[in-house]
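The values are calculated or read from the model by the stated rules, or taken from the named source; none is laboratory data. Everything quoted here is computed from the prediction, not taken from an experiment. Methodologically, a virtual Cβ is constructed for each residue, glycine included, from the backbone with ideal geometry; neighbour enumeration extends over all protein chains shown. Accessible surface is based on the protein model in full, side chains and every heavy atom, while ligands, DNA and RNA are left aside. Shrake-Rupley method; radii C 1.70, N 1.55, O 1.52, S 1.80 Å.
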Amino acid sequence: PAGAGGVKNTVFTQPSSNRLSARNRQMRQLYLIHAVIGIIVLCAGTLKNGGTTKYVSIDPSSISSQKCHKAYANVYASSPNDEGALVCCNNSSNPVDPAGGP
């Protein structure tokens, strides 16, 4: 049947509340699983690193004691003089601690 102006009347059906609530439950479960996996990954990374070191890349010229190809700073170090606070990497595979540590 045509409505005003010759346009057909279309009846839109709403999804049943059972289907909608089942879909909401599935989305909540997926979100919960995603959140739990994320927390596990964060905790595993912290445990693996011991929670005492986290290095960020810095400008190699900021370490004046040596010529570095790449340089890294430990964000948890209380001062640049702490052991392992600054790490200088040359072209070799062995990192060098400018503070004189191992």
key: Nearest-10 value in Å² for the accessible area of ILE39, using the 1.4 Å probe   = 100 Å²
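Which order do TYR72, TYR55, TYR31 take by accessible area at a 1.4 Å probe, largest first? It would help to have the intermediate numbers written out before the result.
On the way: TYR72 65, TYR55 95, TYR31 160 Å².
Most to least solvent-accessible, the answer reads TYR31, TYR55, TYR72.
Using r as the Cβ-Cβ distance of ARG25 and LYS48, and R0 as 30 Å, what FRET efficiency do you calculate, to the nearest 0.05?
On the way: r = 35 Å, r/R0 = 1.15.
So, using R0 = 30 Å, E works out to roughly 0.30.
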note = Extension length gain for SER62 and VAL41 (0.36 nm per residue less Cα distance), in nm, is 4.3 nm
